[in-house]
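Engineer: Input: one structure, supplied below.
The values are calculated or read from the model by the stated rules, or taken from the named source; none is laboratory data. For clarity, every value in this text was computed on a predicted model and none was experimentally measured. Here the Cβ positions follow ideal geometry from the backbone for every residue, glycine too, while neighbour counts run over all protein chains shown. Please note that ligands, DNA and RNA were not included when accessible areas were found on the heavy atoms of the full protein model with its side chains. Shrake-Rupley method; radii C 1.70, N 1.55, O 1.52, S 1.80 Å.
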Amino acid sequence: MHKKLKERLEDYFSLKAFPTHDEVFSLADNASSVLENEPKVYRPWSKGGQPGGLIDFSNYKKNLPLIIVPDIHGRTYFLKNILDFVPPEGFLFPELTGKTVFEALEKKSVRIVCVGDALHSELRGRNRWILAFEEFSNGIFSGKNMKEEMIENMNLLCSLMELKIAFPKFFHFLKGNHENIMNVYSAGDFPFRKFAQEGEMVRHFIQDFYGDDILMMIRYWETSLPLLASFPTCVISHAEPLKPFTRSEVINGRFSENVVKSLTWTQNDIAEDGGVEKMLLEFTRKKSSDNLFYFAGHRPVSGKYCLRQNGKFIQIHNPEEQNIALVYTDRVFNPDNDIVSVAE
């Protein structure tokens with residue numbers, strides 16, 4: 001099974017072809033089903049009787065090494081390099097020394113949390129977006145430049161769904177502000193544009209190239225994603241929390257405009273002071289925030305990281321690098337040593 005999975009992933013990473021309509025439909029359907037049936041033991045269900053917005057391993061029976069992945073933005077090569085990466089000695093359990101991240105996933109001996117933002121190449125594809133917008137303005141929704149953009153995005157999306165289906169308890173992808181395939185303004189989501197009309201262009205491409213059913217299936221997957229993950233020594237969301245939320249608010253927050261917006265869209269320097277520390281105590285169940293950290297991406301940083309909230313909040317999204325954060329089971333996180341590059 002896993003050999004076939006690895007081969008499928010390699011096909012996606014090669015970018016030789018678009019995933020087919022049936023392939024995307026099946027993966028989105030199956031991945032959404034996995035998300036909508038995650039067990040209460042690590043994904044508490046909301047008042048509506050569905051898995052809620054929280055992934056909770058803070059008090060789980062077995063603490064595993066944790067890899068935190070910042071915004072991906074269509075970088076299939078980044079995800080490939082993560083899976084092929086051999087972590088430093090001491091990160092994985094001794095019997096897995098020298099093994100890759102993918103091999104550790106197969107052994108159910110590592111957890112991976114991606115902070116969100118699967119689509120849109122952003123600055124990396126700036127010129128391509130501008131050229132694609134010229135096509136878009138002339139009514140060409142799946143022209144040459146947009147196809148170059150979307151072959152990355154669709155193969156990445158399928159890779160993420162494959163990994164969630166194969167390793168449901170060990171691979172997690174949180175909702176970011178770019179998980180808005182319909183480009184809607186509702187429930188904490190906002191239309192996206194930066195260099196062009198990226199949100200609308202992607203929506204039109206999916207409709208034109210795949211059809212409305214694929215658009216709806218991807219949207220269903222997006223609305224099934226969790227918003228926040230908690231572990232014994234850290235908490236993770238896409239963006240810095242605008243204000244502190246309780247467990248109940250996050251669990252029931254998937255369709256709350258306030259919660260979704262506050263965990264996916266926060267700009268630098270506008271979050272409530274002390275909110276991160278309150279959330280660390282709330283979600284790790286600890287009495288002191290010593291040696292606890294809150295991780296997020298969203299706003300770009302230069303170098304490896306940026307510290308906020310008295311050093312308790314660590315931003316790790318550098319779009320020019322391929323950095324991941326390694327949270328060990330037996331030592332305090334050190335951003336200088338434990339944020340590492342997986343670039344070849």
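Engineer: Of the conditions (1) within 18 Å of A118 (Cβ to Cβ); (2) over 14 Å from the mean Cα position of the chain (by Cα); (3) not in a helix (DSSP H, G or I), I214 fails just one. Which one is it?
Structural biologist: The failed condition is (3).
Engineer: Still on this structure: Among the residues of the range 138-153, which ones are more than 15 Å from the chain's Cα centre (by Cα) and assigned to a helix (DSSP H, G or I)? Walk me through it before giving the result.
Structural biologist: First, pick out the residues of the range 138-153 that are more than 15 Å from the chain's Cα centre (by Cα): 138-152.
Matches in the range 138-153: K144, N145, M146, K147, E148, E149, M150, I151, E152.
Engineer: I would also like to ask the following. Residues to consider are A17, A31; find the one that is at negative phi and not in a loop (DSSP other than H, G, I, E, B).
Structural biologist: Details: A17 fails: not in a loop (DSSP other than H, G, I, E, B).
That would be A31, the only listed residue that is at negative phi and not in a loop (DSSP other than H, G, I, E, B).
Engineer: Right, here's the next one. Which number in (1) within 17 Å of the chain's Cα centre (by Cα); (2) modelled with pLDDT under 95 marks the one condition that E344 misses?
Structural biologist: So E344 meets the others, but not (1).
Yes/no per residue for (1) touching an Asp or Glu at 6+ places or on another chain (Cβ under 7 Å); (2) in contact (Cβ under 8 Å) with a residue 24 or more places away in the chain; (3) not in a loop (DSSP other than H, G, I, E, B):
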residue: I165; (1), (2), (3): no, yes, yes
residue: H178; (1), (2), (3): yes, yes, no
residue: R193; (1), (2), (3): no, no, no
residue: D208; (1), (2), (3): no, yes, yes
residue: F255; (1), (2), (3): no, yes, no
residue: L263; (1), (2), (3): no, yes, yes
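Engineer: So which residues in the range 284-310 are open to solvent by less than 20 Å² (accessible area, probe 1.4 Å) and either over 18 Å from N177 (Cβ atoms) or of a type in the set (D, E) (or both)?
Structural biologist: T284, S289, L292
Engineer: Now a separate question. With respect to Y60, determine if the residue is at pLDDT below 95, over 30 Å from G125 (Cα atoms) and part of a loop (DSSP other than H, G, I, E, B). Outline the logic, then answer.
Structural biologist: Numbers: at pLDDT below 95: yes; over 30 Å from G125 (Cα atoms): yes; part of a loop (DSSP other than H, G, I, E, B): yes.
In short, yes.
Engineer: Follow-up. Is one or more of the residues making up the range 85-102 without any contact (Cβ under 8 Å) to a residue 40 or more places away in the chain, under 18 Å from the mean Cα position of the chain (by Cα) and either within 30 Å of V301 (Cβ to Cβ) or outside any strand (DSSP E or B) (or both)? Steps first, answer last, please.
Structural biologist: Filtering the range 85-102 down to residues without any contact (Cβ under 8 Å) to a residue 40 or more places away in the chain leaves 86, 89, 92-101.
Now drop any that are not under 18 Å from the mean Cα position of the chain (by Cα), which leaves 101.
Within this subset, residues satisfying the condition of being either within 30 Å of V301 (Cβ to Cβ) or outside any strand (DSSP E or B) (or both) are 101.
So far as the range 85-102 goes, yes, one or more of its residues are without any contact (Cβ under 8 Å) to a residue 40 or more places away in the chain, under 18 Å from the mean Cα position of the chain (by Cα) and either within 30 Å of V301 (Cβ to Cβ) or outside any strand (DSSP E or B) (or both).
Engineer: Next question. What pairs come up if the first residue lies in the range 220-232 and is closer than 18 Å to S248 by Cα, the second is at pLDDT 95 or above and of a type in the set (D, E, K, R), and their beta carbons are under 6 Å apart, counting only those six or more places apart or on different chains?
Structural biologist: S224/E36; L225/K175; L227/K175; S230/D56
Engineer: Return a yes/no flag: does the range 210-225 have any residue that is in contact with a Phe, Trp or Tyr (Cβ under 7 Å, 6 or more places away or on another chain), open to solvent by less than 10 Å² (accessible area, probe 1.4 Å) and under 20 Å from Y294 (Cβ atoms). Let's see the steps before the verdict.
Structural biologist: Looking only at the range 210-225, we keep the residues that are in contact with a Phe, Trp or Tyr (Cβ under 7 Å, 6 or more places away or on another chain), and these are 213-214, 217, 225.
Then drop every residue that is not open to solvent by less than 10 Å² (accessible area, probe 1.4 Å), which leaves 214, 225.
Next cut, under 20 Å from Y294 (Cβ atoms) only: 225.
Yes, because at least one residue in the range 210-225 is in contact with a Phe, Trp or Tyr (Cβ under 7 Å, 6 or more places away or on another chain), open to solvent by less than 10 Å² (accessible area, probe 1.4 Å) and under 20 Å from Y294 (Cβ atoms).
Engineer: Tell me which residues, restricted to the range 248-266, are modelled with pLDDT of 95 or more and open to solvent by 50 Å² or more (accessible area, probe 1.4 Å).
Structural biologist: S248, E249, N252, E257, N258, K261, W265
Engineer: Hey, any hits in the range 236-253 for a residue that's of a type in the set (S, T, Y), within 27 Å of F85 (Cβ to Cβ) and over 16 Å from the mean Cα position of the chain (by Cα)? Give the steps one after another, and end with the answer.
Structural biologist: Taking the range 236-253 and keeping what is of a type in the set (S, T, Y), we get 237, 246, 248.
Okay, now just the ones that are also within 27 Å of F85 (Cβ to Cβ), so 237.
Those left that are additionally over 16 Å from the mean Cα position of the chain (by Cα): none.
Within the range 236-253 (the criterion being of a type in the set (S, T, Y), within 27 Å of F85 (Cβ to Cβ) and over 16 Å from the mean Cα position of the chain (by Cα)), the answer is no, since none of the residues qualifies.
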